[in-house]
Amino acid sequence: MKQEVHGNLTGIRDSVIDALSSLYNYEVEDGDFLPRELMQFLARFTGALNREIAVYITRDGEVVDVSVGTDRDVELRDYRLRRNAQRLSCVRCVHTHPNGDGRLSDVDLSALRSFRYDAMVAVGCLKGEPTFVQAAFLGETQNILMDEPVRGYKVPDAEWNAQVEESDRIVGWEDEQKHPNVKERAVLMGIESEESLQELARLADTAGAQVVGMFLQKRDKPDTALFIGKGRADELSRQCQALEADVCIFDEELTGIQVRNLEDMLRVKVVDRTTLILDIFAQRASSAEGKLQVELAQLQYQSTRLIGQGLVLSSLAGGIGTRGPGESKLEMNRRRIRERMTELRRRLDTLEKQRELRRKSREKNEIPVVALVGYTNAGKSTLLNHMTGSDVYVQDQLFATLDAVSRRIETAEHTPFLLVDTVGFIRKLPHALVSAFRSTLDEAALADVLLIVNDGASGEMYKQHDTVMQVLDELGATEQPRIEVINKCDLGIAEPAFPGAVMVSAKTGEGIDVLQSRIAAELQKTFAPVTFVLPFSQYGLVGQIRPLGRVISESYTDEGTELTIVIGNADRDRLVAKYGQQIIKS
């Protein structure tokens, strides 16, 4: 979708307007303050039109506005990406002077103060070439910090970027301290159901946003360009403006083109459900492995959404003037992402090998694993804390726990096992997350018993249960014994329709003893304490039996050795078949 060029367009050919519009597709690389190619582009069209041209660039390198003025001035616009009017706007204004004079005017400096730009930059242009460039920044008490004009090819990118960071640190900090917890104002948009939109609201709250509006459009098929259609997008744009929204969050996964088109129309940041969940995971990840997994998931998601850079970077459209390097910057971004993903996978493989060694150690010692699985915020971590006496972080938030946590406990029959808390599941769980967190989620797939924890207080419990079953199927966790657990029974919920479900309250402890008995019964089917009676003539078997499980007691009698050990039923049966039933005490 072509974006609008603003300002004085009288007498300008459509082809020139189209070329200027292509600037919206331009992205400034990290580390660049004013790219030479962008400066050359502006100087060329300034010389051709003999008019000032202004572009507004965010800190992310995105061009958010292009305006054309007269030969003496251009309307300077107010673009703020922060609601706090005392802080910097997060946008820098770069504009040209057709007379070759690269010095900033008093009007330019006044606009810098009024609109709180990150920087105000003037580029002198003469005969289609840049001459001198001058930049100004805000300091304390609105003082202007300004260097002398420099030649266009000597723009000090690193120093001017550093000055933006310093200005951002000091400008308006007093007002920011008075309001330290200012949240982004979020508008939500969905096409599925009210229930899904309510869950999106909880996700937004968990991510730290303030939901100011929720809208639902029943739609069978998403629009390929705008997801919700142009008419609804126009209406949503007005609603975002009226609600003073900073971000619009969609309850579906958007393509890169859809995000760009929606941001063009809504004039606010656009985030989809997957990006929101990835953001929450990035906030919650605490372990080294968790942080690597989140970064890999984010890069996997971003890599499929890199899009072209338009005419400015000579896109491969064919014809005269388009041959040459092509989308070199796009390819560079892709290459960097591929290299980083390769490095992350290498480091995760190393951590996975360490995890595999720990698993083998557990298997060698015959320590069974019981995994807590379920929908996010069902109460798994609270249940783990109550059963083991731990202090794992718990909060009434989605995805409060990301990293797998394991605690060793025993049944009443002294059978030890590991109780493992896994990451919660959710509807439309991003595939990138399932892939990146597979090593962590494998704790569920490799567990001996699964405790499926359901939120009994949720009206969506059955739908959430279906989601958990689907994710477990994807992980291949289909063979283990399962114990259905209905949590929050202290809230007076009705008896659920899950056959054999255990009603518990992880908060009060109600029903925990029944649950522990069920766990012991399931483990007893696979692991049980066995007392071996070995005469002195078979004392060599003690060395074979000890490594197969956990020794409870070992004593010596006149007849030989009595060894009581928690052992797997398969190992017990193998020993009996080889040495006879008499080696087991009846």
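In what sequence, highest mean first, do 264-270, 13-19, 372-378 appear when ranked by Cβ atoms within 10 angstrom?
Numbers: 264-270: 19.7, 13-19: 12.9, 372-378: 26.1.
Result, highest mean first: 372-378, 264-270, 13-19.
What shape does segment 203-248 have by the C-alpha gyration tensor, where a ≥ b ≥ c are the square roots of the eigenvalues, rounded means a/c under 1.5, and otherwise prolate means a/b greater than b/c and oblate the rest? Verdict is oblate for segment 203-248.
Among DSSP beta bridges lying fully in segment 1-138, give the percent that are antiparallel, nearest 5.
Details: 17 of 24 bridges.
Close to 70 percent.
Judged by the gyration tensor of its Cα atoms, with axes a ≥ b ≥ c, segment 532-586 is oblate; a/c meets the 1.5 cut and b/c is at least as large as a/b. Under 5 Å between amide hydrogens, built in the peptide plane, is the criterion, and for Asp223 it picks out Ile228, Gly229 among residues at least 5 positions away or on other chains. Taking all Cα pairs closer than 8 Å and separated by 6 or more residues, the relative contact order of segment 7-105 comes to 28 percent. These residues, Met341, Met146, go from largest to smallest accessible area, 1.4 Å probe, as Met146, Met341.
Across the protein chains, with a 1.4 Å probe defining accessible surface, the residues Arg260, Arg103 rank Arg103, Arg260 from largest area downward. Here each label is just a point 7 Å from Cα along the line to Cβ, and for Glu352 and Asp157 those points are 3.6 nm apart.
Annotation for segment 8-79: GluC sites (Glu not before Pro) lying in DSSP loop with at most 16 further Cβ atoms inside 10 Å of their Cβ are Glu29, Glu75.
The values are calculated or read from the model by the stated rules, or taken from the named source; none is laboratory data. Here the structure is a predicted model, which is why all the values come from computation and not from measurement. Neighbour counts run over all protein chains shown; Cβ positions are idealised from the backbone, glycine included. Only protein heavy atoms, including side chains, enter the accessible area calculation; ligands, DNA and RNA are left aside. Shrake-Rupley method; radii C 1.70, N 1.55, O 1.52, S 1.80 Å.
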